[in-house]
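Structure first, then comments.
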């Protein structure tokens with residue numbers, strides 16, 4: 001993974017020093033909350049419903065055991081003993097004291113971490129495929145480019161006061177695991193006919209109140225042009241994005257209102273001026289950064305591991321875990337292992353300090369000290385030997401981390417909702433908890449198969465409900481929490497926005513409604529191999545609508 | 001208008017005359033004119049013996065000044081609110097794409113924490129509307145950060161060995 005050199009370390013320490021002064025000025029009353037706001041936001045500090053919330057950056061979701069242990073220590077010393085992993089592959093502490101935040105940032109800096117650009121109208125933490133560097137289907141490790149983008153965008157002199165926040169995601173394979181088409185800029189690594197590496201570039205995707213799928217501006221952008229092209233996009237957006245209404249200020253609205261061709265022409269014209277300037281990516285620099293992400297030296301292992309096969313035959317729990325929580329690895333005898341942070345009845349994405357320490361220990365012992373946070377709010381060990389899986393699973397299960405539900409209905413995404421968030425209209429976590437309890441039977445979940453359930457507590461859509469196979473949106477109707485259900489959304493290479501099926505359901509009926517949809521699918525699927533989303537795409541929403549609302 | 005300007009490390013008072021389009025132009029002064037008024041009759045302003053500055057509002061397209069830049073002493077990039085970051089792009093376009101060599105001044109409601117960013121976008125003088133910002137500029141506060149992770153055209157930065165995009169502030 002990327003390692004700080006002296007420069008990176010000094011860079012972060014200067015920021016901590018700067019923020020320490022700002023907090024002191026705030027505590028002394030020299031800065032008003034209004035004046036302090038943009039400064040604290042630049043350091044990831046939000047004022048929430050009950051307290052400050054500190055969001056710490058985990059660039060493209062990659063961290064090591066030492067860093068995870070530090071996060072656990074912070075959760076224990078400065079918070080309430082747990083933390084929340086987010087859909088931007090970051091981590092949030094929900095109860096820090098303002099006066100403690102400079103100390104927390106110092107602690108983070110000691111393990112090469114920070115909270116820069118996790119909020120505010122700037123280029124946010126760049127996200128990437130959580131199986132990067134391990135997946136057998138990738139063209140190249142997308143984290144190399146994510147790191148280049150991270151450095152370029154950190155405290156960017158021109159793009160720190162944009163019309164609105166700006167999110168970039170990058171994925172390494174044709175199969176998109178980073179939801180790139182619902183980002184402000186989505187990058188998908190590919191190759192041209194001459195075998196040269198580059199990117200498919202999408203612009204103007206996003207969720208929120210106005211969900212939009214990104215428009216493809218380029219089928220192939222050569223890799224050396226990555227920063228120049230991004231700069232061109234950002235400049236067009238900074239100058240022309242709407243600033244009159246914060247709900248219409250994302251680049252997706254500019255793209256929508258101007259039209260895809262106009263935006264493409266403007267970006268390409270700007271790109272011609274920027275191209276071959278100081279942002280041209282030198283090959284040596286790509287290689288230098290690539291070296292940081294060199295995979296571990298893999299042993300020459302057999303394709304199947306007999307001890308592992310035998311253990312699976314003996315333990316149904318292990319077999320279930322292996323079926324759902326392992327992803328094919330590029331090296332024989334290895335796998336990428338998903339640790340679900342979605343225990344039945346738990347809050348999606350939460351982990352206790354103790355669990356974080358268990359994860360750190362396991363990563364160091366069995367996973368080449370590499371940990372990923374996925375945008376689906378789980379933890380991934382990208383490189384694990386198949387023969388170690390039984391022991392890892394045993395330790396995970398003993399610590400409440402062994403849920404064999406990756407990609408299943410109980411592996412839902414949910415925003416913090418009304419329990420924490422100042423923007424929310426409705427609770428999300430309790431709904432996720434109730435649904436996972438309703439579908440607690442693993443046998444039933446495995447029978448249902450791949451199903452992405454996503455829950456947002458308001459139209460800002462932090463729970464990504466628009467791209468859930470089943471999406472749930474909490475709204476407030478005259479003081480009552482009501483839940484709208486959408487169906488057919490998807491955030492992979494076939495991105496689609498879910499359709500609202502009809503009127504919303506009160507809190508005590510929404511779980512029944514989800515169950516009705518699932519039962520309808522089970523009744524009409526062509527066979528067991530046809531996933532929920534495929535059945536929906538085959539038959540449309542009519543049978544689902546009828547099941548929920550009758551044929552009237 | 002008298003402007004209190006922070007430039008080259010010190011505060012100076014500058015006399016800029018604001019004129020409306022139908023007035024005769026004073027000779028031998030420094031005149032600042034709005035972008036719209038200037039473009040409506042650029043030739044007249046450029047023929048004057050006064051120094052000419054153009055005040056650029058956030059929505060004004062700096063590229064339209066391209067044919068006239070040789071005749072301008074100053075472009076004042078205005079920040080009616082610090083959260084409106086269009087001026088950062090305008091300044092870079094003027095310096096880097098249009099090759100403007102005159103003074104680029106930030107005016108208005110920008111905050112202290114934006115000063116180093118403005119410099120990196122090509123701004124070289126500051127006329128803040130808030131006195132606290134002016135005081136901060138004089139005291140050199142808010143300047144803890146001297147390391148940057150992307151290149152800029154600021155003349156007071158040095159590249160970092162072995163890292164093509166990193167810059168270290170040398171003037172601070």
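Readers should treat all values here as calculations from the given coordinates under stated rules, not as data from a laboratory. These numbers come from a predicted model, not from an experiment. So basically every Cβ, Gly included, is an ideal-geometry build from the backbone, and we count neighbours across all protein chains shown.
Take each residue of peptide B:86-92, count the partner chain Cβ atoms within 10 Å of its Cβ, and average: the result is 6.
Under the classification rounded if a/c is under 1.5, otherwise prolate if a/b is larger than b/c and oblate if not, where does the stretch A:396-552 fall, given a ≥ b ≥ c as square roots of the Cα gyration tensor eigenvalues? Oblate is the answer for the stretch A:396-552, as a/c is 1.5 or above yet b/c matches or exceeds a/b.
Fewest first, what order do A:220, A:544 take by the number of other Cβ atoms within 10 Å?
A:220, A:544
Exposure proxy shown here: for B:36, A:338, the number of other Cβ atoms within 10 Å sets the order, fewest to most, as B:36, A:338.
Full-extension gain between residue A:197 and residue A:14, please, as 0.36 nm times their residue separation minus the C-alpha to C-alpha distance.
62.3 nm
Given R₀ = 56 Å, what would the calculated FRET efficiency be for residue A:99 paired with residue A:306, taking r from the Cβ atoms and rounding to 0.05? E(calc), rounded to 0.05, equals 0.45. Across peptide A:157-168, the average count of Cβ atoms from other chains found within 10 Å of a residue's Cβ is 5. Report the label-to-label distance for residue B:7 and residue A:361 in nanometres (one decimal), using points 7 Å from each Cα along the Cα→Cβ vector. Calculated label separation equals 6.6 nm.
Set the Förster radius R0 to 45 Å, insert the Cβ-Cβ distance between residue A:48 and residue A:446 as r into 1/(1 + (r/R0)^6), and round the FRET efficiency to 0.05. The pair residue A:48/residue A:446 has a calculated efficiency of 0.75.
Between residue A:34 and residue A:323, take the C-beta separation as r, use R0 = 56 Å, and let me know the FRET efficiency to the nearest 0.05. That gives a FRET efficiency of 0.55. On the principal axes of its alpha carbon atoms, the stretch B:47-116 extends 37, 24, 21 Å, with the longest extent given first.
Among A:394, A:246, sorting on how many other beta-carbon atoms sit within 10 Å of each Cβ, with the fewest leading, yields A:246, A:394. For the peptide B:29-37, the mean number of other protein chain Cβ atoms found within 10 angstrom of a residue's Cβ is 0. Between residue A:476 and residue A:175, full extension at 0.36 nm per residue minus the direct alpha carbon distance yields a gain of 104.7 nm. Only DSSP H runs of four or more residues enter the estimate; each adds -39500 (n - 2.57), and after division by the residues of chain A the mean residue ellipticity at 222 nm equals -11500 deg cm²/dmol. Placing dummy labels 7 Å off each Cα toward the beta-carbon, the span from residue B:69 to residue A:291 is 3.9 nm. For chain A, what does the alpha-carbon gyration tensor say about shape, rounded, prolate or oblate, given a ≥ b ≥ c as the root eigenvalues, a/c under 1.5 as rounded, and a/b over b/c as prolate? Rounded. Here each label is just a point 7 Å from Cα along the line to Cβ, and for residue B:156 and residue A:508 those points are 6.7 nm apart.
Taking each residue as 0.36 nm, the span from residue A:398 to residue A:434 lengthens on full extension beyond its C-alpha to C-alpha distance by 10.6 nm. Within the protein assembly as shown, antiparallel bridges make up roughly 65 percent of the DSSP beta bridges whose residues both belong there.
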